[in-house]
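Presented below is the structure to which this report refers.
The values are calculated or read from the model by the stated rules, or taken from the named source; none is laboratory data. Since we're looking at a predicted model, the values are computed, not measured. Here the Cβ positions follow ideal geometry from the backbone for every residue, glycine too, while neighbour counts run over all protein chains shown.
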Amino acid sequence: MVSDKQFIIILIIVGVGSLGIIIGVVGQGNVRHVQIFYPEKIEQTVAFHDVEGEVRLVGILGVDGKENPTLIMRTSFAYILTVINDGNTEHRLYIDGLEVQTDLLSPGEKETITIFPKEEGVYNYYDKRQTTKLLGQLRAVSVVPSDEFEGIIRDLI
């Protein structure tokens, strides 16, 4: 038979071992009821407007609401752009350099395009119908992971 002293020592060893396993499982993120990482996509919505014969692209969602805004996307992440035609003529958004465009949108129609930028760059976007009219820019930027910082900045993170 096992003495009381040996039984208590075995219980302590089993308890500490179990606690270590629980901490390991929870610490690896296996027991979370919500997602803790940012979704790897950026969503923005813009709309064509016809103002006094001029075409404007206005930011609606994820953009500050300015006319012909500079759109920003992050490299290595999905960039989802919804384009709505709130104008009174047909419009087509064309992004030069990425060779991405929407279908020809009639008034009231919308389309969503998805872009996966691989490298940094600046791309012009146009209203492409019978003629091509420059509206603004789309920028692909790279975000530096915190482990690439050096010096005092690394110490602050």
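Could you please let me know if G65 is of a type in the set (G, A, S) and crowded, with 18+ Cβ neighbours inside 10 Å?
No.
Scanning segment 43-54 for residues that are of a type in the set (V, I, T) and crowded, with 18+ Cβ neighbours inside 10 Å turns up just one, V46. Are there any pairs, at least 6 apart or on different chains, whose C-beta atoms fall under 8 Å, with the first in segment 129-147 and over 19 Å from T102 (Cβ atoms) and the second at pLDDT below 80 and aliphatic (A, V, I, L, M), and if so, which? These pairs meet every condition: S146/I157.
R74: farther than 18 Å from K128 by Cα and in the same structural domain as T131 (by TED's automatic domain parsing), yes or no? Answer is yes for this residue.
Residues in segment 116-126 that are crowded, with 16+ Cβ neighbours inside 10 Å and modelled with pLDDT of 90 or more: 3 in all. The set of residues from segment 22-66 being modelled with pLDDT under 85 and touching a Leu at 6+ places or on another chain (Cβ under 7 Å) comprises just one member, V63. Within segment 72-85, the set of residues being out of contact with any Ser or Thr (no Cβ under 8 Å at 6 or more places or on another chain) and either free of Cβ contacts under 8 Å to residues at least 24 places away in the same chain or crowded, with 16+ Cβ neighbours inside 10 Å (or both) comprises M73, F77.
Of note, K133 satisfies the criterion of being farther than 17 Å from Q44 by Cβ, modelled with pLDDT under 90 and of a type in the set (K, R). Just one of the listed residues (G65, G59) is assigned by TED's automatic domain parsing to the domain that holds T114 and assigned to a strand (DSSP E or B), namely G59.
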